[in-house]
Amino acid sequence: MNKFSIAIHGGAGTILKEDMTPELEAAYLQALSDALQIGYSSLEKEGKAENAVVAAVVSLENNILFNAGRGSVFTKKGEHEMDASIMRGIDLAAGAVAGVKNVCNPILLAREIMNHSDHVFLSGDGALDFALERHLQIAPGSYFFSQFRHDQWKAVRDSDTYALDHNVRGIEALMKNKKFGTVGAVACDQYGNIAAATSTGGMTNKKYNRIGDTPVIGSGTYANNKTCAISCTGHGEPFIRAVAAYDVNCLMEYKGLSLQKAMEEVVLKKLVAIGGEGGMIGVDATGQTAMIFNSEGMYRGVKDNEGLYSVAIYK
């Protein structure tokens, strides 16, 4: 049997233990553990990496603690615009969606785009139309409402400020002890195939239908059996400019770097040089995993069939 493994993340940023209540910390760790186990169980049943990453991300999208799916933040207009993407390494197939509303699980829509359309990237109303055609679960705005998200938005909605979920410091006091973030998963299955998936609700109070790195193949998500599967989290603009996920692939393919070294080069050097705060998780086709971040913390977890298991928040 080949080694199989999965890693997940729930956002990266200024996450400090002194800002976290014991109850909230326990809730995050449990949510990470649940998603990790759901994804791992899929792999353990000889499932495909694609199905494992989707299962893990759906679990995180359904948890209101995370800024994805049900827990998505409010835009300037008081709405929810969600982004997601998926890619599998065996054939470089990919699907992505941006600025979609009312879809309970955007990662499921991204997978439908990958597997059942002639396209890679859909957005807005057209993406919603496709979701309806594929009979995905749709919900009214009330499904995505949470009081702390609404309070977070009210603190900045009358200004031109947007709140980066990966950095709670400097936002209103009500934001303290609340960290919300992009979610993602990467996996290697028993057949040596890998996949990556990422989902987000974007920035609080964002304007102009802003889109970050999450749905951009090569920036927030990438997978190639020859190298790695990567899911990113952080301030999207620098990750787009760095083509961060694909850059890890290039360092492995053209320079022969290991997964760990390639991710360190991108996250700890290249992104830092252009002010990019955040992190990424990765896996290669041998089942090796890595979780690298340049911020104070990253919600993360990893599990494989050789006994490795960890969920963590801080450095």
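Yes or no, residue by residue, for (1) touching a helix residue (DSSP H, G or I) at 6+ places or on another chain (Cβ under 6 Å); (2) modelled with pLDDT of 95 or more; (3) of a type in the set (Gly, Ala, Ser):
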| position | (1), (2), (3) |
| --- | --- |
| 201 | no, no, yes |
| 208 | no, no, no |
| 227 | yes, yes, no |
| 236 | no, no, yes |
| 264 | no, yes, no |
| 268 | no, yes, no |
| 277 | no, no, no |
| 286 | no, yes, no |
| 291 | no, yes, no |
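Got at least one residue in the stretch 14-37 being of a type outside the set (A, V, I, L, M), farther than 16 Å from residue 309 by Cα, in contact with a strand residue (DSSP E or B) (Cβ under 6 Å, 6 or more places away or on another chain) and in a strand (DSSP E or B)?
Scanning the stretch 14-37, I find at least one residue that is of a type outside the set (A, V, I, L, M), farther than 16 Å from residue 309 by Cα, in contact with a strand residue (DSSP E or B) (Cβ under 6 Å, 6 or more places away or on another chain) and in a strand (DSSP E or B), so the answer is yes.
Restricting the search to the stretch 1-33, which residues are within 16 Å of the chain's Cα centre (by Cα) and not β-branched (Val, Ile, Thr)?
Within the stretch 1-33, 7, 9, 10, 11, 12, 13, 28, 31, 32, 33 qualify.
What strands (runs of 3 or more DSSP E) lie completely within the stretch 79-160 and have 3 or more residues being touching a residue at least 60 places away in the same chain (Cβ under 8 Å), of a type in the set (A, V, I, L, M) and crowded, with 16+ Cβ neighbours inside 10 Å?
82-88, 94-100
Search the stretch 200-222 for residues that are under 18 Å from residue 279 (Cβ atoms) and touching a residue at least 24 places away in the same chain (Cβ under 8 Å) and pair each with any residue that is among the aromatic types (Phe, Trp, Tyr) and in a loop (DSSP other than H, G, I, E, B) when their beta-carbon atoms are under 6 Å apart and the residues are at least 6 apart or on different chains.
From the stretch 200-222, the pairs are 203/162.
Of the residues 125, 189, only one is in contact with a Phe, Trp or Tyr (Cβ under 6 Å, 6 or more places away or on another chain), modelled with pLDDT of 75 or more, at negative phi and not hydrophobic (A, V, I, L, M, F, W, C); which?
189
Keeping to the stretch 3-22, report how many residues are farther than 18 Å from residue 69 by Cβ and either of a type in the set (S, T, N, Q) or at pLDDT 95 or above (or both).
Result for the stretch 3-22: 7.
Which ones in the stretch 69-81 are under 13 Å from the mean Cα position of the chain (by Cα) and on the phi > 0 side of the Ramachandran plot?
69, the sole residue that qualifies.
Looking at 307, 275 in this structure, which one is surrounded by fewer than 24 Cβ atoms within 10 Å (Cβ to Cβ), part of a loop (DSSP other than H, G, I, E, B) and without any contact (Cβ under 8 Å) to a residue 12 or more places away in the chain?
After applying the criteria, what remains is 307.
Checking the conditions here, which among 218, 202, 234 is surrounded by fewer than 24 Cβ atoms within 10 Å (Cβ to Cβ), at positive phi and of a type outside the set (Phe, Trp, Tyr)?
Residue meeting the stated conditions: 218.
When residue 233 is evaluated against the numbered criteria (1) farther than 17 Å from residue 8 by Cα; (2) in contact (Cβ under 8 Å) with a residue 24 or more places away in the chain, which criterion, by number, is the only one it fails?
(1)
Any residue in the stretch 213-221 that is assigned to a strand (DSSP E or B) and within 19 Å of residue 264 (Cα to Cα)?
yes
Hey, can you tell me all the residues within the stretch 38-78 that are in a loop (DSSP other than H, G, I, E, B), crowded, with 24+ Cβ neighbours inside 10 Å and modelled with pLDDT of 95 or more?
68
So is residue 238 farther than 14 Å from residue 6 by Cα, part of a loop (DSSP other than H, G, I, E, B) and out of contact with any Lys or Arg (no Cβ under 8 Å at 6 or more places or on another chain) or not?
No: the conditions fail for residue 238.
The values are calculated or read from the model by the stated rules, or taken from the named source; none is laboratory data. Since we're looking at a predicted model, the values are computed, not measured. When we count neighbours, we look across all protein chains shown, and the Cβ atoms used for this are built from the backbone with ideal geometry, even at glycine.
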